[in-house]
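Computed from the coordinates by the stated procedures, all read-outs in this text should not be read as laboratory data. Note that the structure is predicted; figures quoted are calculated from it, not measured. Cβ placement follows ideal geometry from the backbone for every residue including glycine, while neighbour counts extend to all protein chains displayed.
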Amino acid sequence: MTILIEKHAGYRQIVLNRPDRLNALNAPTGDALLAALVEAEADRECRAILLTGAGRGFCAGQDLADVAVTGKGPPDLKSLLDHYNQVIRKLRTIAMPVVCAVNGVAAGAGANLALACDIVLAAKSASFIQAFSRIGLIPDCGGTWFLPRLVGMARARGLAMLAEPLSAERAQEWGLIWQAVDDELLMAEAHILAARLAGQATIGIALMKRAFDAAETQTLDCQLDLERDLQDEAGHTPDYAEGVRAFLEKRPARLTGKR
Ligand code: T3D
């Protein structure tokens, strides 16, 4: 099984599971990951996702043994990336928060897979490597989009062109990720975060994701209109009514994520 799925109360943990290859991606792994996300989205009880890797790495990007040029000619990178792009799009649009626990090295497409998630925690021993330039490629899986937005163009270009490992602590300092965590605490912290997010206003968080992604290309004027419309939608959820009621009654809100 290239992907393992564990169901927890309110959320699912999805584990990339090719540890002998540092969870490098191939087409079946990409397909299984996409299927796991689609299945989680269809589960009404699932209100958050936790993505991580098995073994000592998070994900070493494309499985290079799989695309090695053979006598049959060059690999079809277009159709390969069509597979992975579906995963990236799904991570961005899935109507629930996605936590990524980067348990070890995240290289190439593996680094950008992590950056597509909503909140990224990383073990202090982990590193992020835009390894593409080492093999003559450009950052894909959204790398050229995520990097300048997260760390600015100067650092994005340096990371992409030099392909040097960026430590988890430096990644936090640069704003690439949410938090670097002591290795032995990573998974406990990630589960706490996923469970906490699963107890929040799921629809509100999904609408927030839409607003943030739209903000990347919109003018303030358009964004104000979008916020008005999405806020109206959020304001019609039972969680909004419960949140306000709980505040006035000075008690914790019981948010259900229901429509
Ligand atoms: O087709 C396309 O290429 C299009 C899509 C491109 C998207 C991309 O992701 S391009 C970038 C691909 N990834 C890389 O270039 C990273 C390659 N890996 C590395 O540079 C290093 O493995 C790491 C820096 C990530 C980790 O180094 P280290 O020293 O901790 O581990 P290692 O010994 O290199 O790797 C451990 C094993 O995993 C090893 O196998 P072995 O010798 O024990 O049998 C190694 O071959 C395997 N492995 C690591 N990365 C990959 C891989 N096997 C296949 N593909 C990999 N990407």
- Hull volume per residue for the chain, using the convex hull of the C-alpha atoms, in Å³ is 138
- If you place +1 on the Cβ of every Lys and Arg, -1 on the Cβ of every Asp and Glu, and leave all else neutral, what size is the dipole of the stretch 71-230 about its Cα centre, to the nearest 20 Debye? 380
- Task: Using packing as a proxy for protection, rank 19-30, 93-104, 218-229 so that the peptide with the highest average count of other Cβ atoms within 10 Å comes first.
- Result: 93-104, 19-30, 218-229
- Query: In this model, which of K90/K258; K90/K209; K78/K124; K209/K258; K7/K258 are farther than 23 Å apart at the alpha-carbon?
  - Reply: K78/K124
- Query: Over its Cα atoms, what ratio of radius of gyration to 2.2 N^0.38 Å does the stretch 1-133 give?
  - Reply: 1.02
- In this structure, the FRET efficiency calculated for E189 and K258 from their beta-carbon separation, with R0 = 22 Å, to the nearest 0.05, is 0.20
- In the stretch 1-76, what GluC sites (Glu not before Pro) fall in a loop by DSSP, with at most 14 other Cβ atoms inside 10 Å? E45
- Item | Sequence-distant residues sharing a close amide H with Y11 (under 5 Å, placed H) | R47
- Query: If amide H atoms are built 1.01 Å from N in the plane of the peptide, which residues on other chains or at least 5 residues away come under 5 Å of the amide H of T237?
  - Reply: none
- Query: If eta is 0.890 mPa s and T is 25 °C, what Stokes-Einstein diffusion coefficient results for the stretch 183-259, Kirkwood Rh from Cα pairs, in µm²/s?
  - Reply: 173
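Filter the trypsin sites (Lys or Arg not before Pro) in the stretch 60-155 to those in DSSP coil with at most 11 other Cβ atoms within 10 Å of their Cβ, and list the result. Could the numbers behind the result be given before it?
On the way: sites: K72, K78, R89, K90, R92, K124, R134, R149, R155; in loops: K72, K124.
Passing sites in the stretch 60-155 are K72.
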- Note on the structure: With only helices counted (DSSP H, runs n ≥ 4, each -39500 (n - 2.57)), the per-residue ellipticity at 222 nm for the chain, to the nearest 500, works out to -14500 deg cm²/dmol
- Beta bridges per DSSP with both ends in the chain, % antiparallel, nearest 5: 30
